[in-house]
Amino acid sequence: MDGSPVIRPILEDEIPQAAELIQAVITEQYDPAVYPRLMEQFAEGFLGAFDTEGKLQGVCIVIPVEDNAIRVLVLAVWPELRRLGIGRKLMDRTEDLARGYKKEKVTLEVRTINRGGLGFYTSLGYLVRKYLQAFYSDGSDAYYMEKMV
């Protein structure tokens, strides 16, 4: 195997591992009780990137939304594993999922101060469509971004 991560849906018994990663790297914190509910709602949208030994490297949680889109709720990769293509592979799978469900676009929000995230999403073809004032629970602003798929 070439060392590329395996992207697949996270299993129910892997939720604690995913929650640990999200809590460690994402500023906006979620109650861990929400993850099983999200998995029940849209299991194929609870994606993990796993190394050859089965260690979770990254998580992407997406849900379908009413405006004919898939919305990215969370994208998290361990900091020491960033810039290795893991986030890109998770987003590629998200876009494939959107196309498979006949959705027109993938949407997401990113903090306006998150220059790395903004650059990453822009490099994937996402466009800023709106400025969202005080979007996050701490009052931080966000950009609403989307990509037609």
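What are the residues in the range 1-46 that are in a strand (DSSP E or B) and touching a residue at least 40 places away in the same chain (Cβ under 8 Å), if any? If the condition is that a residue be in a strand (DSSP E or B) and touching a residue at least 40 places away in the same chain (Cβ under 8 Å), then VAL6, ILE7, ARG8 are the ones that fit. Selection of the range 82-116 for residues being closer than 23 Å to ASP51 by Cβ, in contact with a helix residue (DSSP H, G or I) (Cβ under 9 Å, 6 or more places away or on another chain) and at pLDDT 95 or above yields GLY87, ARG88, MET91, THR94, LEU97.
Considering only the range 36-69, state which residues are of a type in the set (Phe, Trp, Tyr) and within 18 Å of LEU108 (Cα to Cα). Before the answer, list the steps.
Going through the range 36-69, the residues of a type in the set (Phe, Trp, Tyr) turn out to be 42, 46, 50.
The answer is PHE42, PHE46.
Summed over the range 103-115, the residues that are over 13 Å from ARG71 (Cα atoms) and either in contact (Cβ under 8 Å) with a residue 24 or more places away in the chain or buried (at least 18 other Cβ atoms within 10 Å of the Cβ) (or both) give a count of 3. When the range 76-95 is filtered for residues that are free of Cβ contacts under 8 Å to residues at least 40 places away in the same chain and surrounded by 22 or more Cβ atoms within 10 Å (Cβ to Cβ), the ones remaining, listed by number, are GLY87, MET91.
Can you pull out the residues in the range 1-48 that are among the basic types (Lys, Arg) and under 16 Å from LEU73 (Cα atoms)? If you could, list the steps in order and put the result at the bottom.
Going residue by residue through the range 1-48, those that are among the basic types (Lys, Arg) are 8, 37.
Across the range 1-48, the qualifying residue is only ARG37.
Condition check for PHE50 on (1) crowded, with 16+ Cβ neighbours inside 10 Å; (2) in contact with a Lys or Arg (Cβ under 6 Å, 6 or more places away or on another chain); (3) of a type in the set (A, V, I, L, M, F, W, C): one failure, at (2). Selection within the range 23-47: residues that are at pLDDT below 95, closer than 18 Å to LEU90 by Cα and of a type in the set (A, V, I, L, M). The member of this set that is surrounded by the most Cβ atoms within 10 Å (Cβ to Cβ) is MET39.
With the condition kept exactly as written, say whether any residue in the range 47-55 is touching a residue at least 24 places away in the same chain (Cβ under 8 Å) and aromatic (Phe, Trp, Tyr). Checking the range 47-55: at least one residue is touching a residue at least 24 places away in the same chain (Cβ under 8 Å) and aromatic (Phe, Trp, Tyr).
The values are calculated or read from the model by the stated rules, or taken from the named source; none is laboratory data. Owing to the predicted nature of the structure, the values given are computational and were not obtained by experimental measurement. No Cβ is skipped: glycine too gets one built from the backbone with ideal geometry, and neighbour counts run over all protein chains shown.
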